[in-house]
Each structure stands twice: as structure tokens, then as C-alpha cells.
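The values are calculated or read from the model by the stated rules, or taken from the named source; none is laboratory data. This structure is a prediction, so every number in the text was calculated from the model and none was measured. Neighbour counts run over all protein chains shown; Cβ positions are idealised from the backbone, glycine included. Calculation scope for accessible area: heavy atoms of the full protein, side chains included, ligands and nucleic acids excluded. Shrake-Rupley method; radii C 1.70, N 1.55, O 1.52, S 1.80 Å.
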Amino acid sequence: MECIVLTQEEKNELVTHAIGQQPSESCAMLLGEKIDGAWNVKEIFLTENMDNSKTNFTISPEELLKGYQLAEKMHLELVGVFHSHPNSDAIPSSTDKKFMQNNPVPWIIFSGVNNDLKAYLLDSDLVEISIKID
Ligand SMILES: [Zn+2]
């Protein structure tokens, strides 16, 4: 079973970021190490949603590059993509699923409606994976 591992501080940082960006969607790159089935988050790289949209997000190519450079410097890899749904449940949209195919790491979604935080992986099917607070 795959899971994504966050510290309580990292979880708080993501939720605070999401609430701070409302009514727009928020986003972040999660950097860390994958050990067996566990995607361990070690560093959060908060990004701007250049769409400024309530229903979509885009991370600029410049910020993506910065995120990957930071990962390389810290000897980490991309272990997750975070974004929020201010007005809907924490379930990937059809657009999300399209992008998940190109970014086969766990996707964490925060719902501003009920404060749910859920993680998903898209392999051949979409599966929800557990979020472990370490
Ligand atoms: Zn989404």
C-alpha cells in the first residue's frame, strides 16, 4: 500500500496556505524521498496559482523550475503535488486527472468546503492513498 507521509507542521502549512489563497485555488510542490511505498515529504515549496482561479491552477514554468532546482540542491525529488478546491470536495476534477497522468506522484487536495485533506495516485485507475502524519 502506498502512502504519503507529512509532519503535522507540513500539514498545517498546506492548510494555512490554502485558506490564505481563498477564494482562489492554491498549489504547492512537495519535495522528499520515496522509500518503498511511502512518499516522505521533507520540504514544501509553496507556489502561486498563476490562473487566480476558483476552479483551476497553474504553476508557472519559472516556479516549477525553481522547485526542481531546490529539490536537486537538497537531494530530494518531487513526491507530491498539492492544490486546493475552495468550493468543492477533495476529489480530482477531470482536468486534475489529465495532469495527474503527466505527474505520476501523489496528489493532495484540500477542500475549503469541509476541510478534508485527501491524497490520490493515478496509475491505470485513480486510487485514494492514506496520508500519514509523522
Ligand atoms: Zn483540482
Selection within the stretch 59-94 - open to solvent by less than 50 Å² (accessible area, probe 1.4 Å), within 16 Å of the ligand (Cβ to nearest atom) and of a type outside the set (A, V, I, L, M): Gly80, Phe82, His83, Ser84, His85, Pro86, Pro92, Ser93
Which listed residue is open to solvent by 80 Å² or more (accessible area, probe 1.4 Å) and under 16 Å from Met1 (Cα atoms), from Asp134, Asp123: Asp123
Search result, residues across the stretch 95-120 that are open to solvent by 10 Å² or more (accessible area, probe 1.4 Å), modelled with pLDDT of 95 or more, touching a Leu at 6+ places or on another chain (Cβ under 8 Å) and more than 13 Å from Leu14 (Cβ to Cβ): Lys97, Val105, Tyr120
Identity of the residue in the stretch 1-39, open to solvent by 80 Å² or more (accessible area, probe 1.4 Å) and acidic (Asp, Glu), that ends up farthest from Glu63 (Cα to Cα): Asp36
Residue that is nearest to the ligand (Cβ to nearest atom) [pool: residues in the stretch 95-134 that are more than 21 Å from Ser24 (Cβ to Cβ) and of a type in the set (D, E, K, R)]: Glu128
Filter result (within 16 Å of the ligand (Cβ to nearest atom) and within 18 Å of Leu76 (Cβ to Cβ)) within the stretch 1-26: Leu14
Counted residues, the stretch 39-57 - those being of a type in the set (A, V, I, L, M) and more than 15 Å from the chain's Cα centre (by Cα): 1
Residues that are under 21 Å from Asn12 (Cα atoms) and open to solvent by less than 100 Å² (accessible area, probe 1.4 Å), drawn from the stretch 40-58: Asn40, Val41, Glu43, Ile44, Phe45, Leu46, Thr47, Asn49, Phe57
Residue in the stretch 32-45 that is at pLDDT 95 or above, aliphatic (A, V, I, L, M), closer than 19 Å to Asp116 by Cβ and within 16 Å of the ligand (Cβ to nearest atom) present: no
